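Right, one structure below, let's go through it.
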Amino acid sequence: MIREIEKVDQKWDVIIVGGGASGLGAAIESTTRGFKTLLLEQGDFAKGTSSRSTKLVHGGVRYLAQGNISLVLEALRERGLMKQNAPHLVKDQSFIIPNYTWWGTPYYTIGLTLYDLMAGKLSYGRSLPFSKKRTLKYIPTLQQKNLCGGVIYHDGQFDDARLAINLCQTFVENGGVALNYMKVDGLKKTNDKVTAVLATDLETGSKYTLEAKVILNATGVFVDEIIKMDEPKARDIVKVSQGVHLVLDKEFVPGDHAIMIPKTSDGRVLFAVPWHGKVVVGTTDVSKETAELEPRALEEEVNFILETAGRFLAKAPKRSDVKSVFAGLRPLAAPTGEGKKTKEISRGHKIVVSKSGMVTITGGKWTTYRQMAEDVIDTVTKTGNFPEKKSITRNLKIHGYKNNVDLNNPMYFYGSDEEKIVNLAKKEEGLDQFLSEKLKVINAQVVWGARYEMARTVEDILSRRTRCLLLDAKESIAMAPKVASLLAKELGYDKQWEENQVKEYKELASRYILQ
């Protein structure tokens with residue numbers, strides 16, 4: 001990839017800054033329309049917001065309650081397409097809303113039946129009212145006192161960072177060039193038009209001036225930084241909101257069904273969702289002044305989740321039960337009016353074109369990443385006077401595509417690549433051994449990540465190529481030295497690099513552990 005950008009007289013049609021959901025989606029959209037496309041990411045792909053979601057592919061029951069019908073319709077359609085195009089990563093997830101009032105069951109049944117109808121033929125299944133007995137049969141760990149019954153409904157669940165890696169592979173397979181650890185430091189203008197980005201390879205310190213007909217700013221919570229490189233006095237277009245999740249052992253929600261609490265004390269919804277043999281509980285919504293690459297959970301957010309979960313579960317989770325805590329920042333399209341709470345800001349996306357021709361996309365959510373990409377590349381096409389081409393991504397299979405994966409197989413999320421990893425493990429000595437028996441990760445996954453998934457650091461492997469950091473932070477720390485040794489061998493680094501990597505990883509992972 002580096003050799004590709006170093007070619008003399010290399011000119012791109014589109015350079016995309018940002019390797020999260022919106023940047024990767026736009027990259028696929030751009031390259032499959034025949035535009036010569038380069039994607040640059042300052043950290044690792046999906047390092048920020050896009051690896052820290054609630055792991056849901058959903059229409060947004062909450063937006064239905066807010067009356068945002070068009071967003072729900074769009075998200076329900078895209079939810080269906082995500083499952084169709086990446087069935088190895090997106091699965092049907094049934095949710096149960098426990099009701100502690102007599103009117104709750106009919107009320108939610110009516111609302112969710114409307115939700116199902118809106119999904120049309122892309123529906124994941126019907127919503128149905130449940131008796132108290134049946135509700136407890138599915139989720140025996142619920143608080144039984146005053147429970148009147150429940151409602152079951154269906155949405156999707158996925159692995160966000162794994163989808164990001166597969167999107168990146170899909171982009172490259174379609175002729176795109178993608179680089180992680182390539183930071184954009186500035187923009188270059190010619191006749192008041194943005195014509196190039198100035199970038200630094202954070203691994204080597206090499207500097208590049210990369211020219212393109214159109215620059216697309218898809219940096220999520222950092223879009224305002226890039227906008228200010230273009231227009232120093234521009235007003236901020238992003239409002240940053242933080243969401244925190246706690247990961248607990250499966251015993252708290254032992255079955256395959258998730259719990260959805262429709263009204264928390266701060267007016268949000270709370271989910272407890274089974275994920276890779278654990279349970280993800282969240283989320284919060286706290287307004288943040290500034291965006292950061294490694295956000296930290298606030299004490300009050302952790303307490304809020306534990307306290308809320310404790311009210312609905314028979315056994316209240318304690319701090320010592322938390323395997324990992326992770327925080328993510330949402331890039332909400334800032335409203336022009338004042339005083340809106342972050343949870344009330346629409347999750348729709350916003351596209352802006354500056355005077356100098358730079359295109360920026362912000363807002364949105366994982367579920368609608370493909371539609372966002374289609375919309376923004378339509379804008380890029382007009383801005384760059386490119387030939388208009390029809391989008392083909394609605395039915396484009398994502399790298400790793402495999403139907404009917406066995407969810408009990410710890411490597412199911414690799415889809416069609418799983419077989420290749422198993423073969424690699426058999427072929428090279430020691431690669432079939434467990435890196436962690438507890439998390440069912442083998443050495444071959446590290447080597448595969450380095451060779452075929454552009455993993456460059458211990459964190460890339462433990463946080464995003466596998467999800468160990470989010471599933472069990474302490475266990476991931478124990479795995480770090482072996483990961484560093486395998487990576488150093490694979491990438492040609494020395495012992496000093498290994499030691500630095502382990503030290504850096506331990507510092508990072510300790511923030512995911514509740515003290």
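The values are calculated or read from the model by the stated rules, or taken from the named source; none is laboratory data. If you're wondering where the values come from, they're calculated on a predicted model, not measured in any experiment. Backbone-built Cβ (ideal geometry, glycine too); neighbour counts: all protein chains shown.
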Of residues in the range 37-55 being within 22 Å of Val279 (Cβ to Cβ) and in contact with a strand residue (DSSP E or B) (Cβ under 6 Å, 6 or more places away or on another chain), the one surrounded by the fewest Cβ atoms within 10 Å (Cβ to Cβ):
Thr54
Output the qualifying pairs, or none if there are none: Cβ atoms under 8 angstrom, residues six or more apart or on different chains, first residue in the range 36-47 and closer than 11 Å to Asp460 by Cβ and in a loop (DSSP other than H, G, I, E, B), second residue at pLDDT 95 or above and of a type in the set (Phe, Trp, Tyr).
Gly43/Tyr181; Asp44/Tyr181
Kindly list, by first and then second residue, each pair from a residue in the range 294-317 that is under 26 Å from Leu508 (Cα atoms) to a residue that is in a loop (DSSP other than H, G, I, E, B) and of a type in the set (S, T, N, Q), limited to pairs with Cβ atoms under 7 Å and residues at least 6 apart or on different chains.
Glu301/Thr284; Phe304/Thr284; Ile305/Thr284
Which condition number does Arg3 fail, the rest of (1) crowded, with 24+ Cβ neighbours inside 10 Å; (2) in a helix (DSSP H, G or I) being met?
(1)
Listed by range, helices (runs of 4 or more DSSP H) wholly within the range 344-463 having at least 3 residues that are assigned by TED's automatic domain parsing to the domain that holds Ala480, closer than 21 Å to Val483 by Cα and of a type in the set (Lys, Arg) are 418-427
Please report, ordered by residue number, the strands (runs of 3 or more DSSP E) entirely within the range 193-261 with at least 2 residues that are exposed (fewer than 14 other Cβ atoms within 10 Å of the Cβ) and free of Cβ contacts under 8 Å to residues at least 40 places away in the same chain.
207-217
Which pairs do you get when a residue that is free of Cβ contacts under 8 Å to residues at least 40 places away in the same chain, found in the range 133-162, comes within reach of a residue that is in a strand (DSSP E or B), reach meaning Cβ atoms under 7 angstrom, with the pair 6+ apart or on two chains?
Thr135/Ile96; Thr135/Pro98; Thr135/Leu142; Thr135/Gly149; Thr135/Gly150; Leu136/Leu142
